[in-house]
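Peer 1: Before I ask anything, here is the structure I am working with.
The values are calculated or read from the model by the stated rules, or taken from the named source; none is laboratory data. Remember, predicted model here, so these are calculated numbers, not experimental data. Glycine gets a Cβ as well: all are built from the backbone with ideal geometry, and neighbour counts include every protein chain shown.
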Amino acid sequence: MKTLRLILGDQLNERHSWFADKDDSVLYVLMEIKAESDYVKHHIQKILGFFAAMRSFSEKIEADGHRVKYFKISDKDNQHSFEKNIKSLIKKHNIKKLEYQEADEYRLDHLLKSLSGKLNIETRVFSSEHFIAERNEVADFFGNKAYLMESFYQHMRKKHNILMDGAKPEGGSWNYDQQNRKKIPKGMEIPEPYTFQYDLSLIKEEIDNAGLDYFGNADEKNFIWPIYRNDGLKLLREFISNNLKNFGPYQDAMGEKSWSNFHSRLSFALNLKMISPVEVIEIIEEAYEELDEEHLSSVEGFIRQILGWREYMRGIYWAKMPAYEKENFFGFSNSLPKFFWTGKTNMKCLEHSIGQSLDFAYAHHIQRLMVTGNFALLMECDPDEVDAWYLGVYIDAIQWVEITNTRGMSQYADGGLLSSKPYISSANYINKMSAYCGNCKYDHKIKYGENACPFNSLYWNFLDMQKDKLKGNPRMGMMYNLLNKMDNQEKSKIIEQANFYLENRDNL
Ligand code: FAD
Ligand code: SF4
């Protein structure tokens, strides 16, 4: 055996050029490492999903004729360290060369670089052949200019000729978001989320025996997430048949009727590289050929998430790490309310968004941004804690895409690199986009007094407390005008109410 090829848990790309030829002198290795599973407390479905997908991938490439060494969490020879396991394989198989694909997480990227320096054999790094943009493309594209997703997205559309009509964007506009902000009408049918059913009880037993700490609910006999490449493709086809047409108009809508509305739930399959962004975009473009032009807003909206936001977030991550993981623009240090771990709160929007996160390890974008994220920011929570919660709870959470969305987009902890203003709102927005408020103990119309919705007083309190940092922001001008015109007595009542909620954060 001459070459050892390391495959990380989020590098399950069967179509990687590594697998084009069978070569007996190559040994592939995958490892379930304890420290990788408990450096933050993870949702049990996330651990199960990663292990199950890694094991299916390993079986697949082995069945295709490749040699594989798989270290299960329960294996006696697993030393639970990349370095130790790799060194033992080098010795055992007389390995002369280590090859690995670029890690997407900064910490692992450095770990592998430093490991390469410690081995007395040749090492070679390969692209993961997954992303559309190069790692440094966002940084190179903007240079010293302000970062703006929309310009990068237009650059990517042109460069890769996606949804283009010659030199012009399909339909004449780059972005149809104005048509995409509808609440789901009463009585509208939302298809049941298409799910899988895998019995992962044996893996769960191994996880329990290994003593891994986790949280969240698992129905390990009916695991619902894709664990094979074909599952990912099936999920995509189901999305196109049942949800794509309504994806655009209702992508910001929320409510208790469904836990994923018209969203695709493809992030887990994409982030583990079971399926690639290029093939998803190609299949969506093909599907558009069969659809009426009126559905362009859905097609463009969906492609923008993958070609625009996903690639842009990865570029920001590589441009700004490691400083990014320490950013705390507002200097917040409060703990997350305890109900983030239980879902037990009287606030209906949070109860539902957190509850489904604990049940399915999933919430859709606007729940993550405008319910949990908005609340954590108004509650002045420490971005480290907020990051750890998001990284732990969601099945699709990998640091490059989690931290940019959480610390950047949702907590404004980078001081506005990623968004031009903080994503905060009072109950008004949540009521406009959901049916939550009608079914809540709190009253979305009032700012203080009995049962006043906490979002209202906390929102004005946040603006008041942060005015030195935000009042110069042109996009916040209108809100600061309203705050300035507010009657002093009214304002003190609001601030008093907000302080009461801040102090009683765990009992709302
Ligand atoms: P859909 O709504 O169907 O969108 C399709 C695809 O577009 C997604 O699968 C995803 O790959 C991509 N996409 C959409 N929005 C974004 C975005 N803002 N950034 C990057 N890609 C995007 N996404 C993750 O993949 N991992 C995370 O850990 C993660 N953490 C988040 C934390 C916060 C606070 C917020 C506000 C967003 C986060 N997102 C994260 C982005 C987004 O919410 C999820 O990608 C999306 O909800 C996944 O569900 P879906 O596959 O049904 O997405
Ligand atoms: Fe959420 Fe307030 Fe509406 Fe209740 S009233 S659902 S707490 S926004």
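Peer 1: Output the residues belonging to the stretch 123-164 that are charged (D, E, K, R), modelled with pLDDT of 95 or more and either farther than 30 Å from K87 by Cα or in contact with a helix residue (DSSP H, G or I) (Cβ under 7 Å, 6 or more places away or on another chain) (or both).
Peer 2: The answer is E129, E134, R135, E137, D140, E150, R157, K158, K159.
Peer 1: Then there's this: So how many residues does the stretch 418-445 have that are among the hydrophobic types (A, V, I, L, M, F, W, C), at pLDDT 95 or above and more than 16 Å from ligand 2 (Cβ to nearest atom)?
Peer 2: 0
Peer 1: Just checking, does the stretch 401-412 include any residue being assigned to a loop (DSSP other than H, G, I, E, B) and either more than 8 Å from ligand 2 (Cβ to nearest atom) or not polar (S, T, N, Q) (or both)?
Peer 2: yes
This table checks each residue for (1) surrounded by fewer than 19 Cβ atoms within 10 Å (Cβ to Cβ); (2) within 16 Å of the chain's Cα centre (by Cα).
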{"residue": "G301", "(1), (2)": "no, no"}
{"residue": "R304", "(1), (2)": "no, yes"}
{"residue": "Y312", "(1), (2)": "no, yes"}
{"residue": "K320", "(1), (2)": "no, no"}
{"residue": "E325", "(1), (2)": "yes, yes"}
{"residue": "S335", "(1), (2)": "yes, no"}
{"residue": "F340", "(1), (2)": "no, no"}
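Peer 1: Pairs needed: first member in the stretch 338-362, farther than 16 Å from A388 by Cα and of a type in the set (V, I, T); second member anywhere, part of a loop (DSSP other than H, G, I, E, B) and within 15 Å of ligand 2 (Cβ to nearest atom); C-beta distance under 8 Å; at least 6 residues apart or different chains.
Peer 2: Pairs found: T345/P337; T345/L508.
Peer 1: Let me confirm something: among N456, N473, which residue is touching a Lys or Arg at 6+ places or on another chain (Cβ under 7 Å), away from ligand 1 (no atom under 16 Å from the Cβ) and within 21 Å of L350 (Cα to Cα)?
Peer 2: N456
Peer 1: Filter the stretch 219-238 for residues that are touching a helix residue (DSSP H, G or I) at 6+ places or on another chain (Cβ under 9 Å) and either assigned to a helix (DSSP H, G or I) or among the small types (G, A, S) (or both) and give the result.
Peer 2: E220, K221, R229, D231, G232, L233, L235, L236, R237
Peer 1: Hey, another quick one. When you go through E290, E311, E325, E256 one by one, which is the residue that is away from ligand 1 (no atom under 12 Å from the Cβ), of a type outside the set (V, I, T) and more than 25 Å from F375 (Cα to Cα)? Lay out the reasoning, then the answer.
Peer 2: Values: E311 fails: away from ligand 1 (no atom under 12 Å from the Cβ); E325 fails: more than 25 Å from F375 (Cα to Cα); E256 fails: more than 25 Å from F375 (Cα to Cα).
The conditions single out E290.
Peer 1: Where in the stretch 239-291 are there helices (runs of 4 or more DSSP H), lying wholly inside it, with at least 2 residues that are over 16 Å from the mean Cα position of the chain (by Cα)?
Peer 2: Ranges flagged: 244-247, 277-289.
Peer 1: Identify the residue in the stretch 24-57 that is basic (K, R) and under 18 Å from the mean Cα position of the chain (by Cα) and, among all such residues, is surrounded by the most Cβ atoms within 10 Å (Cβ to Cβ).
Peer 2: So in the stretch 24-57, the residues basic (K, R) come out as 34, 41, 46, 55.
In the following step, the residues that additionally are under 18 Å from the mean Cα position of the chain (by Cα) were identified as 41, 46.
Numbers: K41: 17, K46: 23.
Step by step, filter the stretch 24-57, then rank; the result is K46.
Peer 1: If I ask for residues that are surrounded by fewer than 19 Cβ atoms within 10 Å (Cβ to Cβ) and among the aliphatic types (A, V, I, L, M), which ones from the stretch 193-223 would you list?
Peer 2: L202, A210, L212
Peer 1: Within the stretch 404-427, which residues are free of Cβ contacts under 8 Å to residues at least 40 places away in the same chain and over 16 Å from the mean Cα position of the chain (by Cα)?
Peer 2: S419, S426, A427, listed by residue number.
Peer 1: When you go through K441, K469, K447 one by one, which is the residue that is in a loop (DSSP other than H, G, I, E, B), over 27 Å from G216 (Cα atoms) and of a type outside the set (D, E)?
Peer 2: K447
Peer 1: Does Y390 satisfy the condition of being of a type outside the set (A, V, I, L, M), within 16 Å of ligand 1 (Cβ to nearest atom), surrounded by fewer than 22 Cβ atoms within 10 Å (Cβ to Cβ) and without any contact (Cβ under 8 Å) to a residue 60 or more places away in the chain?
Peer 2: Criteria not met by Y390.
Peer 1: Mind checking whether some residue in the stretch 176-192 is among the polar types (S, T, N, Q), closer than 30 Å to T342 by Cα and either touching a Lys or Arg at 6+ places or on another chain (Cβ under 6 Å) or surrounded by 11 or more Cβ atoms within 10 Å (Cβ to Cβ) (or both)?
Peer 2: no
Peer 1: Does the stretch 410-452 hold any residues that are within 15 Å of ligand 1 (Cβ to nearest atom) and in contact with a strand residue (DSSP E or B) (Cβ under 6 Å, 6 or more places away or on another chain), and which are they?
Peer 2: Across the stretch 410-452, the qualifying residue is only M433.
Peer 1: Could you count how many residues in the stretch 363-383 are part of a helix (DSSP H, G or I) and in contact (Cβ under 8 Å) with a residue 60 or more places away in the chain?
Peer 2: Result for the stretch 363-383: 9.
Peer 1: A further question follows. Being in a loop (DSSP other than H, G, I, E, B), under 17 Å from L470 (Cα atoms) and β-branched (V, I, T) is true for just one of I424, I395. Which residue is that?
Peer 2: Checking each option against the conditions leaves just I424.
Peer 1: Another question about this same structure. Just a yes or no: is a residue in the stretch 140-148 surrounded by fewer than 16 Cβ atoms within 10 Å (Cβ to Cβ), assigned to a helix (DSSP H, G or I) and of a type in the set (A, V, I, L, M)?
Peer 2: Scanning the stretch 140-148, I find no residue that is surrounded by fewer than 16 Cβ atoms within 10 Å (Cβ to Cβ), assigned to a helix (DSSP H, G or I) and of a type in the set (A, V, I, L, M), so the answer is no.
Peer 1: Test V386 against the criterion of being more than 14 Å from ligand 2 (Cβ to nearest atom) and assigned to a helix (DSSP H, G or I), and give yes or no.
Peer 2: Considered against the rule, which asks whether it is more than 14 Å from ligand 2 (Cβ to nearest atom) and assigned to a helix (DSSP H, G or I), V386 comes out as yes.
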